[in-house]
1. Once every DSSP H run of n ≥ 4 in the chain is given -39500 (n - 2.57) and the sum is divided by its residues, what mean residue ellipticity at 222 nm do you get, rounded to the nearest 500 deg cm²/dmol?
2. Just tell me the longest site-free run in the chain, where the sites are chymotrypsin sites (Phe, Trp or Tyr not before Pro) in a DSSP loop having at most 14 other beta-carbon atoms within 10 Å.
3. From the Cα trace of the range 3-45, what convex hull volume per residue do you get, rounded to a whole Å³?
4. Each residue of the range 60-65 in order: what ³J(HN,Hα) in whole Hz does its phi give by Karplus 6.51 cos²θ - 1.76 cosθ + 1.60, θ = phi - 60°, with x for Gly and Pro?
5. When the chain is fully extended, how far beyond the present Cα-Cα distance does VAL3 get from LEU20, taking 0.36 nm per residue of separation?
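A short reminder: the numbers here are calculations on the coordinates, not readings from a lab. Values in this document were obtained by computation on a predicted structure and should not be read as measured data. Every residue, glycine among them, receives a Cβ derived from its backbone with ideal geometry; neighbour counts consider all protein chains shown.
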Amino acid sequence: AGVHRQVLFTTVGWFVGYYLIKRTEYMYAKLDRDLLEYVRQHPEDFKAAEKKKVGELLEEFRPIR
């Protein structure tokens, strides 16, 4: 294949990749917007968890002898 075909395919591939990336970013942004709106409208389903100290999360240390 000639150099002109390689340049053509590279250019076409770059534009297709650019379009696909922009479409993916748009879809994820739309999903994030919809989910955040749902969370905002239904706060009773998403209550903040009570904060625990690190000592409450870990098991008590018992050395093995």
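1. -23000 deg cm²/dmol
2. Values: sites that count: PHE46, PHE61.
Excluding the exposed sites themselves, the longest stretch runs over 1-45.
3. Spelled out: Cα convex hull of the range 3-45, divided by residues, is 32 Å³.
4. 5, 7, 10, x, 9, 9
5. Computed gain between VAL3 and LEU20 is 3.6 nm.
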